[in-house]
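**Q** Right, I'll just put the structure down here and ask away after.
The values are calculated or read from the model by the stated rules, or taken from the named source; none is laboratory data. Bear in mind that the values here come from a model prediction, so they are computed numbers and not experimental data. Positions of Cβ are backbone-derived with ideal geometry, glycine not excepted, and every protein chain shown enters the neighbour counts. To get the accessible areas, we keep the full protein, side chains included, count just its heavy atoms, and leave off ligands, DNA and RNA. Shrake-Rupley method; radii C 1.70, N 1.55, O 1.52, S 1.80 Å.
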Amino acid sequence: MTPTPSLFTHNRTGLSLDGIWKFCPDPMQRCRQQRWWENPSKQNSVFPCWDPEGLWEIQVPSTWKKQFKALEWYDGHAVYYRTFNKPKEIPSSYEAFLVFDGIVYASEVFLNGQKMGEHGWGYSQFAVRVTETLQERNELFVLVENVPSLQRAPGVRFDWCNDGGIINGVKLVFVPRTFIQNFKVSTVLSQDAVSLEFDLFLASRDAAACEEVTIEIPELKLSATVKAEAGKVASHKFRVSKNDVKLWCPENPKLYDVKLSTRNEAIGDEIGFREIKTKGHEILLNGEPIRLYGLCVHSEFPDTGRTATVENIRKMVGKAGELGVNFLRCAHYPYAEIFGREMDRAGLLWWEEVPVYWIPAIKEEEVSSLVLGMLEETIRRDWNRSSLIMWSISNECCYRDPKNPMDNNYDYWFKAARLVRKLDPTRLLTCAESGNIVSTSTAWSPTKGDEFTGVGKPQVEENHRPMHTDELYTLFDVLAANLYVANPGEEAVLYPRFVRLLSPYNKPLMLSEFGSMSLLGAKVPDDVLGSEARHALMIEKAYDVFKELPEITGYCPWVLLDGRAPIHWRWYNLGTGLFRYGFLNENWEPKQAFFALKKGIDQVKNHFKQS
């Protein structure tokens with residue numbers, strides 16, 4: 001009863017199960033003990049201890065931490081329940097799949113009294129086949145738990161709120177017995193042509209099944225029919241003159257309707273064609289160098305928490321536009337499917353990440369296997385998003401003891417890199433790890449979290465070297481570093497040192513995090529940590545340094561919005577558990593740092609246009 005991988009679901013025949021469900025927190029796991037999915041409530045009987053009228057109502061998708069004040073910080077077990085009717089127009093011969101676009105964290109799915117499957121990790125999309133169990137009227141239970149654990153990713157400490165629940169959409173999808181499970185489109189440019197390369201994945205319970213699949217791009221007047229066999233990859237390549245194709249880019253995010261059909265079904269998507277590569281220190285979009293004027297974000301919204309809505313995504317895009325941003329670092333976990341589609345339409349580049357974050361146990365097979373499963377599901381769901389240009393496989397977690405180099409956790413990075421290269425070699429591979437350095441008197445480890453070797457400390461004048469081996473750095477296309485400083489002006493030491501140490505690898509360099517924190521309207525002296533003026537000054541100083549370092553081709557300050565993260569309890573958090581690194585507060589209101597960032601981006605853009 002393992003989930004079915006990589007089922008393409010966009011606009012496919014089906015039934016949305018978003019809406020009002022029944023729900024209860026279940027800290028004592030009464031549902032599991034009494035097997036509620038098998039035992040309906042009985043009138044005038046105490047046992048089993050449930051009935052639909054006794055449960056709360058909850059919106060799906062959502063997190064219970066935003067739906068119920070009493071559960072604002074609850075991590076534990078919960079029960080979701082709803083009924084639904086099978087659509088009458090669906091042919092009886094069709095297969096049926098329940099598709100969950102993201103649950104935090106682990107989940108078990110029961111339909112009409114039977115267990116359909118379980119999913120051992122969070123955030124990524126999965127599907128379970130329910131064909132034989134589906135009835136005209138159906139009862140669905142989903143058991144969810146989000147208890148932090150050292151044997152999970154993320155582990156027990158991270159910089160966002162652990163929003164439990166069915167946080168992304170749910171749908172019931174119907175397909176023929178032999179169906180197009182998924183497809184991938186890659187764009188490769190040559191001097192005068194564009195190659196559009198299709199990989200098709202046909203699925204069926206009949207291992208010998210085959211179908212003729214027709215691929216069409218009507219606007220380009222392209223059509224071809226390919227014979228596909230179940231369980232194998234069928235491929236086709238269109239070659240088109242560059243003059244006939246409008247390549248996707250931030251200035252012109254052109255999307256084409258792409259259609260695939262067999263004798264029994266038709267599916268389609270809106271896809272932009274573009275190529276992303278590197279050459280030395282440069283990132284090339286459609287063959288042209290591009291600087292990434294970026295910004296870090298969380299999928300964190302004041303009213304819905306981790307659950308993204310189209311309205312909130314567009315609000316985020318609008319704020320990015322005000323700043324002049326062309327790139328988002330989407331930390332630190334897979335986002336909802338609707339996010340990537342909105343980025344495609346908006347022309348906003350982004351990277352997607354898995355939550356390998358401060359996890360000492362990542363080298364253990366039990367933990368790394370969860371992440372690799374999450375990574376594969378996410379790649380297969382989002383590999384046709386033109387705006388998505390980088391896969392990031394970790395943040396602040398890669399470690400090697402400088403006194404004992406054999407003590408390291410590198411095995412995960414080699415496995416994850418191989419997986420990405422196998423599934424999606426057309427995108428750039430990175431991780432937020434390249435800022436780790438070694439001096440003779442200090443060493444960083446994942447247990448230290450965001451305590452970096454910085455400047456303004458006794459070791460600042462000592463010799464430094466990159467923490468990791470050449471073999472590790474060569475895994476990545478872009479070397480990205482989270483580099484924070486304690487005081488304004490220290491950027492002029494730290495950032496050039498990063499360039500000096502990493503430039504010999506001849507790869508694009510990026511600052512994947514930098515910044516400070518402030519409380520909007522704080523009445524404190526300007527030089528106090530937490531003041532708006534100090535936060536703004538640190539952003540101003542950073543962008544002053546960037547003008548002198550052309551080797552750095554991407555800048556992603558942390559973070560757009562103040563968000564919930566119960567790990568900081570300083571005066572500027574006001575006892576709320578809000579992380580105050582945002583350029584906007586939790587109500588989308590700008591701080592002084594927001595305007596400093598806008599000015600800094602404008603100045604760096606103008607500097608490199610003129611140079």
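**Q** Looking at the range 160-188, which of its residues are among the charged types (D, E, K, R) and more than 30 Å from K237 (Cα to Cα)? Steps first, please.
**A** Going residue by residue through the range 160-188, those that are among the charged types (D, E, K, R) are 163, 171, 177, 184.
Correct list: D163, K171.
**Q** Right, another one. Among the residues of the range 347-354, is there at least one that is outside any helix (DSSP H, G or I), β-branched (V, I, T) and closer than 26 Å to L285 by Cβ?
**A** Narrowing the range 347-354 to residues outside any helix (DSSP H, G or I): 347-354.
Filter once more, so that each one left must be β-branched (V, I, T): 354.
In the following step, the residues that additionally are closer than 26 Å to L285 by Cβ were identified as 354.
Scanning the range 347-354, I find at least one residue that is outside any helix (DSSP H, G or I), β-branched (V, I, T) and closer than 26 Å to L285 by Cβ, so the answer is yes.
**Q** A further question follows. Going by what's in this entry, would P458 be described as at pLDDT 95 or above and surrounded by fewer than 16 Cβ atoms within 10 Å (Cβ to Cβ)? Let's see the steps before the verdict.
**A** Details: at pLDDT 95 or above: no; surrounded by fewer than 16 Cβ atoms within 10 Å (Cβ to Cβ): yes.
Answer is no for this residue.
**Q** Give the residue that is modelled with the lowest pLDDT, with candidates limited to residues of the range 359-387 that are surrounded by fewer than 24 Cβ atoms within 10 Å (Cβ to Cβ) and part of a loop (DSSP other than H, G, I, E, B).
**A** In this case the residue turns out to be E364.
**Q** Within the range 263-321, take every residue that is open to solvent by 40 Å² or more (accessible area, probe 1.4 Å) and hydrophobic (A, V, I, L, M, F, W, C) and give me the one that is farthest from A432 (Cα to Cα).
**A** A266
**Q** Got at least one residue in the range 468-483 being touching a strand residue (DSSP E or B) at 6+ places or on another chain (Cβ under 6 Å) and open to solvent by 50 Å² or more (accessible area, probe 1.4 Å)?
**A** For the range 468-483, residues touching a strand residue (DSSP E or B) at 6+ places or on another chain (Cβ under 6 Å) and open to solvent by 50 Å² or more (accessible area, probe 1.4 Å): absent.
**Q** Condition first: of a type outside the set (A, V, I, L, M, F, W, C), part of a strand (DSSP E or B) and closer than 16 Å to E275 by Cβ. Can you find one or more residues in the range 210-227 that meet it?
**A** Of the residues in the range 210-227, the ones of a type outside the set (A, V, I, L, M, F, W, C) are 211-212, 214, 216, 218-219, 221, 223, 225, 227.
With part of a strand (DSSP E or B) added as a condition, the list becomes 211-212, 214, 216, 223, 225, 227.
Filter once more, keeping what is closer than 16 Å to E275 by Cβ: none.
There is no residue in the range 210-227 that is of a type outside the set (A, V, I, L, M, F, W, C), part of a strand (DSSP E or B) and closer than 16 Å to E275 by Cβ.
Yes or no, residue by residue, for (1) on the phi > 0 side of the Ramachandran plot; (2) crowded, with 19+ Cβ neighbours inside 10 Å; (3) without any contact (Cβ under 8 Å) to a residue 40 or more places away in the chain:
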{"position": "I393", "(1), (2), (3)": "no, yes, no"}
{"position": "E396", "(1), (2), (3)": "yes, yes, no"}
{"position": "P402", "(1), (2), (3)": "no, no, no"}
{"position": "Y412", "(1), (2), (3)": "no, yes, no"}
{"position": "S434", "(1), (2), (3)": "no, yes, no"}
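**Q** Out of the residues in the range 188-209 that are open to solvent by 20 Å² or more (accessible area, probe 1.4 Å), aliphatic (A, V, I, L, M) and part of a strand (DSSP E or B), which is nearest to T131 (Cα to Cα)?
**A** Step one: of the range 188-209, the residues open to solvent by 20 Å² or more (accessible area, probe 1.4 Å) are 188-192, 197, 199, 201, 204-208.
From what is left, the residues that are aliphatic (A, V, I, L, M) are 188-189, 207-208.
Retained after the next criterion (residues that are part of a strand (DSSP E or B)): 188-189.
On the way: V188: 39, L189: 43 Å.
Filtering the range 188-209 for residues that are open to solvent by 20 Å² or more (accessible area, probe 1.4 Å), aliphatic (A, V, I, L, M) and part of a strand (DSSP E or B), the one nearest to T131 (Cα to Cα) comes out as V188.
**Q** With the checklist (1) in contact with a Ser or Thr (Cβ under 8 Å, 6 or more places away or on another chain); (2) open to solvent by 20 Å² or more (accessible area, probe 1.4 Å); (3) in a helix (DSSP H, G or I) in hand, flag the one item L501 doesn't pass.
**A** Exception for L501: condition (1).
**Q** For F238, work out the one condition from (1) open to solvent by 20 Å² or more (accessible area, probe 1.4 Å); (2) touching a Leu at 6+ places or on another chain (Cβ under 7 Å) it doesn't fulfil.
**A** Result: F238 passes all but (1).
**Q** Need the failing condition index for F97 against (1) in contact with a Ser or Thr (Cβ under 9 Å, 6 or more places away or on another chain); (2) within 20 Å of L372 (Cα to Cα), just the number.
**A** (2)
**Q** Now for a separate question. Which pairs have Cβ atoms under 6 Å, sit 6 or more apart or on different chains, and link a residue in the range 185-207 that is of a type in the set (V, I, T) to one that is at pLDDT 95 or above and assigned to a strand (DSSP E or B)?
**A** That search, which allows pairs on different chains as well, returns V185/F198; V185/I271; V188/S195; V194/V240.
**Q** Ok, one more. Can you tell which of Y105, Y123 is in contact with a helix residue (DSSP H, G or I) (Cβ under 8 Å, 6 or more places away or on another chain) and either closer than 17 Å to L375 by Cβ or among the polar types (S, T, N, Q) (or both)? Steps first, answer last, please.
**A** On the way: Y105 fails: in contact with a helix residue (DSSP H, G or I) (Cβ under 8 Å, 6 or more places away or on another chain).
Matching residue, one of Y105, Y123: Y123.
**Q** Ok, one more. Would you point out which residue out of V185, V147, V156 is open to solvent by 10 Å² or more (accessible area, probe 1.4 Å), within 22 Å of S6 (Cβ to Cβ) and of a type in the set (V, I, T)?
**A** Numbers: V147 fails: within 22 Å of S6 (Cβ to Cβ); V156 fails: within 22 Å of S6 (Cβ to Cβ).
Just a single option satisfies the conditions, and that option is V185.
**Q** May I ask you to list the residues in the range 292-314 that are more than 18 Å from the chain's Cα centre (by Cα) and in a helix (DSSP H, G or I)?
**A** E311
To keep it simple, each residue is scored yes or no on (1) aromatic (F, W, Y); (2) closer than 18 Å to H10 by Cβ.
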position: T178; (1), (2): no, no
position: V194; (1), (2): no, no
position: D199; (1), (2): no, yes
position: P253; (1), (2): no, yes
position: Y256; (1), (2): yes, yes
position: E270; (1), (2): no, yes
position: K277; (1), (2): no, no
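Results for (1) surrounded by fewer than 20 Cβ atoms within 10 Å (Cβ to Cβ); (2) in contact with a Ser or Thr (Cβ under 8 Å, 6 or more places away or on another chain); (3) of a type in the set (F, W, Y), shown as yes or no for each residue.
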{"position": "P525", "(1), (2), (3)": "yes, yes, no"}
{"position": "P550", "(1), (2), (3)": "yes, yes, no"}
{"position": "F579", "(1), (2), (3)": "no, no, yes"}
{"position": "A593", "(1), (2), (3)": "no, yes, no"}
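**Q** Here's a follow-up. Can you tell me which residue within the range 482-515, out of those that are under 27 Å from V528 (Cβ atoms) and aliphatic (A, V, I, L, M), is modelled with the highest pLDDT?
**A** L511
**Q** Also, I was wondering about something else. What residue, of S92, S16, is touching a Lys or Arg at 6+ places or on another chain (Cβ under 6 Å), farther than 30 Å from E586 by Cα and open to solvent by 20 Å² or more (accessible area, probe 1.4 Å)? Please lay out each step first, then the result.
**A** Values: S92 fails: touching a Lys or Arg at 6+ places or on another chain (Cβ under 6 Å).
It is S16.
**Q** Does the range 323-339 contain at least one residue that is of a type in the set (S, T, Y) and part of a strand (DSSP E or B)?
**A** If we filter the range 323-339 for residues that are of a type in the set (S, T, Y), which is where we start, we get 333, 335.
Adding the requirement that they be part of a strand (DSSP E or B) leaves none.
Among the residues of the range 323-339, not one is of a type in the set (S, T, Y) and part of a strand (DSSP E or B), which makes the answer no.
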